[in-house]
Amino acid sequence: MTTQEATGVRGRMCAVFSEAKGEDPCGSAPAWDHCLIIEVPTPWEHEVMDTPAFPAGVADLLEQRPDVRLQVIQPDDTYSVEGHSRVMLFSRHDGPIRNMARKEYLVPSERLLSTVSAVLGNGGGEELAEWEQHNNGVRDLMVCTHGSRDICCASIGQPTYMELHARYSNSHTRVWRLSHTGGHRLAPNVIDMPSGRYWARLTPSRANQVADHSGDIADLYDSYRGWSAIASPAAQMAEREAFMREGWDWIDRRVESEVTETSDDGMEERVAIRSLGPDGVVSSYVATVRQSGMVQSIECLSDTLAKDYPQYELVSFEAVAL
């Protein structure tokens, strides 16, 4: 392949196209009440539930629970146990929140289906205590490398995964290869658990910044997709602005958001953001966010235009005196 051909191929990658278009990723984080994460060996199919190794019966369980988002992780020699499968359920609780609640189990693989059923509240969980992993102090950095879904996830996501895995895999931080998160045009995509925050375009150096909570958070302004604890894209935009103003201390605060007003045409929202720090100090902000337009995307390695995605702008953002 010539240099010109290689340059042409790269320019037709959906993630490169998105960044060149100036797409702002904020407001695109999937919001969920529960996220189920299970270990499934690769290779993964385009639709991960079509993967031969995907446990039979789990899809039927999930069909009954539209409030549960599914992700799968690739078994890892550093953390996985032969003959066993890991099941994690992260859940958002009501009220101000800092992290998602975690339940984690390491079960014999033949019991994976019954474990998932019990974790989803279908009964039969008498044996769960035997397999429960008490990992509330553990952080999981999950990097999308789902190449059969989109080439950008593998070709751009893999270097970020390798950097993080080499530097941070220890008893307090695990780094996993993850299935499609939505938004492959924003690769490399990383989910930080248990916080539930989504990051985009995390090159290895930017990923290190997220992993370390180091450097100027403003450097990551255009890498923050948003927080899964917040459903409204406008509120995700407002939360990002508070994050940028407060710095890394923001992630230690308990936060809640509320859309207090919506314009008649649905294009503009008024958002209240409130937070409580570990020191008991309360902060409060109000923001106005407007959908500013749409941005094009392309089918990866194609000149074919795909769907358009909404973009948002911060009209106003003010601290509220308490």
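The values are calculated or read from the model by the stated rules, or taken from the named source; none is laboratory data. Just so it is clear, the model here is predicted, and its values are computed rather than measured. Counting neighbours? That spans all protein chains shown, and the Cβs are built from the backbone with ideal geometry, glycine included.
Structure notes:
- Failed criterion for E130 (all others in (1) at pLDDT 95 or above; (2) under 25 Å from V68 (Cα atoms); (3) in a helix (DSSP H, G or I) hold): (1)
- Among the residues of segment 110-127, those identified as surrounded by 13 or more Cβ atoms within 10 Å (Cβ to Cβ) and in a loop (DSSP other than H, G, I, E, B) are L120, N122, G125, E127.
- Set side by side, the residues M267, M237 differ, and just one is within 22 Å of the chain's Cα centre (by Cα) and either modelled with pLDDT of 95 or more or closer than 27 Å to A20 by Cβ (or both), which is M237.
- Residue within segment 285-294 that is under 22 Å from A101 (Cα atoms), of a type outside the set (F, W, Y) and surrounded by 14 or more Cβ atoms within 10 Å (Cβ to Cβ) present: no
- Qualifying residue in segment 171-180 (condition: part of a strand (DSSP E or B) and within 12 Å of the chain's Cα centre (by Cα)): yes
- Of the residues making up segment 40-56, not a single one is assigned to a helix (DSSP H, G or I), surrounded by 15 or more Cβ atoms within 10 Å (Cβ to Cβ) and in the same structural domain as V271 (by TED's automatic domain parsing).
- Residue-level analysis places G280 outside the set of residues that are out of contact with any His (no Cβ under 9 Å at 6 or more places or on another chain), in the same structural domain as R197 (by TED's automatic domain parsing), within 30 Å of C153 (Cβ to Cβ) and outside any helix (DSSP H, G or I).
- Of all the listed residues (R98, R102, R92), the sole one being touching a residue at least 12 places away in the same chain (Cβ under 8 Å) and closer than 16 Å to P30 by Cα is R92.
- The residue that is farthest from L305 (Cα to Cα), counting only those in segment 137-161 that are without any contact (Cβ under 8 Å) to a residue 40 or more places away in the chain and more than 15 Å from the chain's Cα centre (by Cα), is G137.
- Residue within segment 262-277 that is surrounded by fewer than 21 Cβ atoms within 10 Å (Cβ to Cβ), in contact with an Asp or Glu (Cβ under 6 Å, 6 or more places away or on another chain), among the hydroxyl-bearing types (S, T, Y) and over 16 Å from A321 (Cα atoms) present: yes
- With respect to being within 20 Å of G27 (Cβ to Cβ), over 22 Å from the mean Cα position of the chain (by Cα) and either free of Cβ contacts under 8 Å to residues at least 60 places away in the same chain or assigned by TED's automatic domain parsing to the domain that holds Q236 (or both), E261 fits the description.
- Lone qualifier among V107, V175, V190 - being assigned by TED's automatic domain parsing to the domain that holds F54 and surrounded by 17 or more Cβ atoms within 10 Å (Cβ to Cβ): V107
- Some residue of segment 100-109 being assigned to a loop (DSSP other than H, G, I, E, B), within 22 Å of E127 (Cα to Cα) and acidic (D, E): no
- One residue from S148, S91, S114 being out of contact with any Ser or Thr (no Cβ under 7 Å at 6 or more places or on another chain) and in the same structural domain as M13 (by TED's automatic domain parsing): S148
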